[in-house]
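Asker: What follows is a single structure, and I will ask about it in a moment.
The values are calculated or read from the model by the stated rules, or taken from the named source; none is laboratory data. Keep in mind that what you see is a predicted model, and the values were worked out from it rather than measured. Backbone-built Cβ (ideal geometry, glycine too); neighbour counts: all protein chains shown. Just the protein is used for accessible areas: all its heavy atoms, side chains included, with ligands, DNA and RNA removed. Shrake-Rupley method; radii C 1.70, N 1.55, O 1.52, S 1.80 Å.
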Amino acid sequence: MTARIALVTGGTGGIGTAIVKRLANLGHRVATNYRNEEKARDWQQRLQAEGYDITLVKGDVSSPEEAEVLVREVERKLGPVDILVNNAGITRDTTFHKMTPQQWNEVINTNLNSVYNMTRPVIEGMRERKWGRVIQISSINGQKGQYGQANYAAAKAGMHGFTISLAQENARFGITVNTVSPGYIGTDMVMAVPEEVRNKIVAQIPTGRLGSPEEIAYAVAFFIPDEASWITGANLSANGGQYMGW
Ligand SMILES: NC(=O)c1ccc[n+]([C@@H]2O[C@H](COP(=O)([O-])OP(=O)(O)OC[C@H]3O[C@@H](n4cnc5c(N)ncnc54)[C@H](OP(=O)(O)O)[C@@H]3O)[C@@H](O)[C@H]2O)c1
């Protein structure tokens, strides 16, 4: 496989770390962003001890200005970005009738507006070079909705609307744009849910277990090689069979 330059947002998180490692294992040069310097350096050292050399760049993806600066910094350090994985995300769960403007806006800004902020500075270069991969990490809850997650589900559904539009605009330029929609994965985000609620979630998953971050990284990597260049605008569900919309 040709070695590419990949930028994974939220690469220090549960799913992000698995994506970063998988892309590095495939021979790509990988960068990710951070907000908290100390936390990020600890993460970088842990990965270094495992043999990974990951480039860290500071920046909040919910800010258009910071997103542009962080992309330019990755370009300066590694070169033009060939693969963008929009993975950074947060939850601010509550039923809609109690949802504050802050809870709504934080989730929309971090999970959806970030996709504009990060993709806008890389897309022109991909079009000029006639090769690119843009992959959104959405969620099963963007496909089926979820009690207490109107903000999150709206943002995650919006990500795939972005995917299928961008895919049409850029298909002639060797750029594919796809979505991976994970089901429930055993990361901090899900382990923070009370155990009894988690048990109820697992009971709804046909495979009878939570997914692993590595299983999501596998789905992301599927879209990258040249053999995948006919696949664009897809929404790949990786959810243990919990939701089988088509
Ligand atoms: N876990 C699941 O079961 C599950 C299921 C479906 C979809 N997903 C999606 O998968 C993605 C990764 O989830 P995860 O479970 O790995 O979450 P996580 O462990 O909480 O990691 C989230 C990452 O995003 C970063 N981030 C958050 N807000 C940011 C911002 N404004 N600017 C820059 N970086 C920001 C975090 O950085 P900090 O350390 O600085 O906060 C962290 O590195 C998310 O988009 C999530 O919605 C997860």
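Asker: State whether the residues of the stretch 15-22 include one that is surrounded by fewer than 21 Cβ atoms within 10 Å (Cβ to Cβ) and either within 12 Å of the ligand (Cβ to nearest atom) or modelled with pLDDT under 95 (or both).
Answerer: no
Asker: For HIS97, state whether it is farther than 29 Å from GLU66 by Cα and out of contact with any helix residue (DSSP H, G or I) (no Cβ under 6 Å at 6 or more places or on another chain).
Answerer: Here the answer is yes, as HIS97 does meet what is asked.
Asker: Let me ask something else. Restricting the search to the stretch 167-186, which residues are over 20 Å from the mean Cα position of the chain (by Cα) and among the small types (Gly, Ala, Ser)?
Answerer: ALA171, GLY174 - these are the residues of the stretch 167-186 that are over 20 Å from the mean Cα position of the chain (by Cα) and among the small types (Gly, Ala, Ser).
Asker: A further question follows. I'd like to know if the stretch 132-151 contains one or more residues that are in contact with a Ser or Thr (Cβ under 6 Å, 6 or more places away or on another chain), under 17 Å from ASN86 (Cα atoms), at pLDDT 95 or above and open to solvent by 30 Å² or more (accessible area, probe 1.4 Å).
Answerer: So far as the stretch 132-151 goes, no, none of its residues is in contact with a Ser or Thr (Cβ under 6 Å, 6 or more places away or on another chain), under 17 Å from ASN86 (Cα atoms), at pLDDT 95 or above and open to solvent by 30 Å² or more (accessible area, probe 1.4 Å).
Asker: Also, I was wondering about something else. Sort out which residues of the stretch 123-141 are more than 16 Å from the ligand (Cβ to nearest atom) and not in a helix (DSSP H, G or I), and write them in order of number.
Answerer: Those that are more than 16 Å from the ligand (Cβ to nearest atom) and not in a helix (DSSP H, G or I): LYS130, TRP131, GLY132, ARG133.
Asker: Looking at the stretch 131-158, I want the residues that are closer than 19 Å to GLU215 by Cβ and basic (Lys, Arg) and have a partner that is open to solvent by 10 Å² or more (accessible area, probe 1.4 Å) and part of a helix (DSSP H, G or I) with Cβ atoms under 7 Å, at least 6 apart or on another chain. Which pairs are those?
Answerer: Pairs found: LYS156/GLY142.
Asker: Right, ILE224: in a loop (DSSP other than H, G, I, E, B) and closer than 25 Å to LYS21 by Cβ or not?
Answerer: yes
Asker: Right, next: Name the helices (runs of 4 or more DSSP H) wholly inside the stretch 144-215 in which the number of residues that are away from the ligand (no atom under 13 Å from the Cβ) and hydrophobic (A, V, I, L, M, F, W, C) is 3 or more.
Answerer: Ranges flagged: 150-170.
Asker: Can you tell me how many residues within the stretch 29-40 are open to solvent by 10 Å² or more (accessible area, probe 1.4 Å) and in contact (Cβ under 8 Å) with a residue 12 or more places away in the chain?
Answerer: Total meeting the criteria: 6.
Asker: Kindly indicate whether GLY11 is within 21 Å of GLU75 (Cβ to Cβ) and open to solvent by 10 Å² or more (accessible area, probe 1.4 Å).
Answerer: So GLY11 fails the test.
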